[in-house]
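Notes to accompany the following structure.
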Amino acid sequence: MTSRLFKKITEIAFFSLSLFVLNKILPTIIHLKFSQQEINNPKVIEYMNTQNYSYNYEGTDEKIALSYLKLANAITMSNITYKDYMFKKSDEELLKNKEGNCKETSRFTYANYLFLINNANKPKLKQYVRFASGTLQVKKDYYPHTWLEYSRNNNWIPYETTTNDFTDSIKIYPRLIDILIPDNTVLLPKEEYHPTSYHQIIQDGNLKRSINLEGIIKEKGLIYGLSKSFKFN
C-alpha cells in the first residue's frame with residue numbers, strides 16, 4: 001500500500017513538474033531561438049525604404065538613441081498595420097501585406113533602428129536598445145507580448161512599438177520626431193511588463209541572448225497566456 005501511494009505521489013509530482021516546464025520554461029526557450037536574421041532582417045529596410053530617412057541627430061548618446069528609435073518606430077508603423085494572426089507567416093508576406101503583430105512591430109522597428117544608427121556611423125548606440133519577450137499585464141490579466149527596451153540612466157525602460165499605428169500617407173520628418181512620437185506614448189511603466197528573455201545586437205554585430213529568471217518565476221505562463229490572447233486586442 002505504501003509502495004503504491006509513493007508511486008502515485010511520484011507520478012503526480014512528475015506530471016506537475018512537466019506542466020510547470022511546459023507552462024513557464026518552454027515559452028522562454030522558444031523565444032531564445034530567435035535568430036539574428038529574424039531580429040535584424042535586411043528585407044525590412046528594402047520594403048520600407050528606410051535609407052530614405054537618413055538623419056544626423058545631435059545631443060547625448062542616450063537622447064540620440066531614443067530619437068533614432070522613435071524614427072525607426074515611425075517608419076515601421078507607417079508601413080505596418082497592427083494585426084494579430086493565428087498561423088506563422090514569413091517576413092516577406094507580412095511586409096508585402098503591410099501587417100504584423102507585436103513581435104513583428106518590435107522586430108521591424110529594431111531592424112530599422114540598427115540600420116539608421118549604422119548608416120549614421122554610430123554603432124555604439126546599439127547598447128541602448130534591446131528586444132524583449134514575456135508578458136504584458138493589463139489590470140489583473142497577463143498576455144504574451146514582445147516589445148523593445150531603451151536604456152536611460154542605466155535603467156531599461158519598456159518601449160511599446162504598437163502604440164502609434166500610422167497610415168502610409170503620413171509624412172515623417174526626422175527632425176520633428178519628438179512631436180510625432182512623444183515620450184509618454186511609447187515609454188511605458190515598467191511594472192506592466194514582465195520580460196522572460198532578451199535579444200540584443202551588440203557593437204560587434206553579434207546577437208546576445210539572455211533570460212530573466214525573475215520574469216520566468218512571476219510569469220503566468222503559456223497556458224494562461226493562450227487562454228487570454230484571443231481576447232486581447
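What follows draws every value from the coordinates through simple rules; no lab data is involved. Keep in mind that what you see is a predicted model, and the values were worked out from it rather than measured. Quick reminder, even Gly has a Cβ in these numbers, built from the backbone with ideal geometry, and neighbours come from all protein chains shown.
Ordering Arg152, Arg175 by the number of other Cβ atoms within 10 Å of each residue's own Cβ, fewest first, gives Arg175, Arg152. Length available on full extension from Glu92 to Ala120: 0.36 nm per residue minus the Cα-Cα distance, which gives 7.5 nm.
Extension gain, Leu188-Gln51: 0.36 nm per intervening residue step, less the Cα-Cα distance, totals 46.5 nm.
Over 18 Å apart at the Cα level, from the set Lys33/Lys208; Lys98/Lys126; Lys96/Lys208; Lys103/Lys139; Lys126/Lys171; Lys63/Lys126, are Lys98/Lys126; Lys96/Lys208; Lys103/Lys139; Lys126/Lys171. Measuring nothing but alpha carbons in region 58-169 and taking Rh as the Kirkwood radius, the Rg to Rh ratio lands at 0.98.
Run the numbers for Lys83 and Leu176: contour at 0.36 nm per residue of separation, minus the present Cα-Cα distance, in nm.
Numbers: separation 93, 0.36 × 93 = 33.48 nm, distance 2.72 nm.
Answer, rounded to one decimal: 30.8 nm.
FRET efficiency for the pair Gln37 and Ser151, taken as 1/(1 + (r/R0)^6) with r the Cβ-Cβ distance and R0 = 22 Å, rounds to 0.35.
Put a dot 7 Å past the Cα of Thr60, heading toward its Cβ, do the same for Glu214, and the two dots end up 2.3 nm apart. Counting neighbouring beta carbons within 10 Å and listing from fewest to most, the residues Phe166, Phe131, Phe115 come out as Phe166, Phe115, Phe131.
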